[in-house]
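The block underneath contains the structure these notes are about, expressed in structure tokens.
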Amino acid sequence: MKKNILFLLAGFILVSFIGDTRKIPSVDLKSLDGKTVNSAKFSNDGKPLIISFWATWCSPCKKELNTVADAFDDWKKETGVKLIAISIDDSKSSSNVKPYVDSKGWEFECYLDVNSDFKRAMNVNMPPHTFIVDGSGNIVWQHVGFKEGDEAQYIEVVRKLVKGEKIEH
């Protein structure tokens, strides 16, 4: 019985450790101007990254990114954070992404994941799904869904990363 408990505890610790050190998987994406970009090369010169999965048909996704866009200049000046928006629109709706992004004036990087390869590699089931990555490329925090006020959590996690503080899940 004791061996089983120790085995389960060791497995839990290992799963927790793996979850805390997950890196961005390597998947080819398309930029809005049609260039191929590999997600493993996402970086921000040692500063935090926010990666947000969204779609043009997802109202909470658009609300999240529009809310963040309003505060993003201040966040960027304060912390140096970079935001990368990953559209999971399929081949039928992906033509709506660039016009939507242009109409909103988003100044963050946007990529298309038309085949949902990156979505699957990141275990995204429902958008919006937001990840925060530390300056070393480790995924340290994630959040599913969006309601007003969630953006305060995002910048708080980024501030902690910049200060070198531990991130709680």
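Structure summary
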{"quantity": "Those Cys residues of the chain for which no other cysteine Cβ falls under 4.7 Å", "calculated": "C110"}
{"quantity": "Average accessible surface area per residue within the chain, 1.4 Å rolling probe, Å²", "calculated": "57 Å²"}
{"quantity": "10 Å binning of all Cα-Cα separations within region 30-96, expressed as whole percents from 0 upward", "calculated": "17, 46, 33, 4"}
{"quantity": "Full-extension gain in nm, R22 to K104, via 0.36 nm per residue minus C-alpha separation", "calculated": "26.3 nm"}
{"quantity": "Length-normalised contact order of the chain in % [C-alpha pairs under 8 Å, at least 6 apart]", "calculated": "28 percent"}
{"quantity": "Cα→Cβ-extended label distance, 7 Å offset, between E78 and K41, nm", "calculated": "3.2 nm"}
{"quantity": "Within the chain, helix-based [θ] at 222 nm, where runs of 4 or more DSSP H residues each add -39,500 (n - 2.57), nearest 500", "calculated": "-12500 deg cm²/dmol"}
{"quantity": "Filter on K23/K104; K63/K147; K23/K166; K62/K166 - keep pairs with C-alpha separation over 19 Å", "calculated": "K23/K104; K62/K166"}
{"quantity": "Percent carbon-and-sulfur accessible area, the chain, ignoring ligands, DNA and RNA, probe 1.4 Å", "calculated": "54 percent"}
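The values are calculated or read from the model by the stated rules, or taken from the named source; none is laboratory data. Everything numeric in this text was worked out from a predicted model, so none of it was measured. Backbone-built Cβ (ideal geometry, glycine too); neighbour counts: all protein chains shown. We work out accessible area using only protein heavy atoms, side chains counted, and drop any ligands, DNA or RNA first. Shrake-Rupley method; radii C 1.70, N 1.55, O 1.52, S 1.80 Å.
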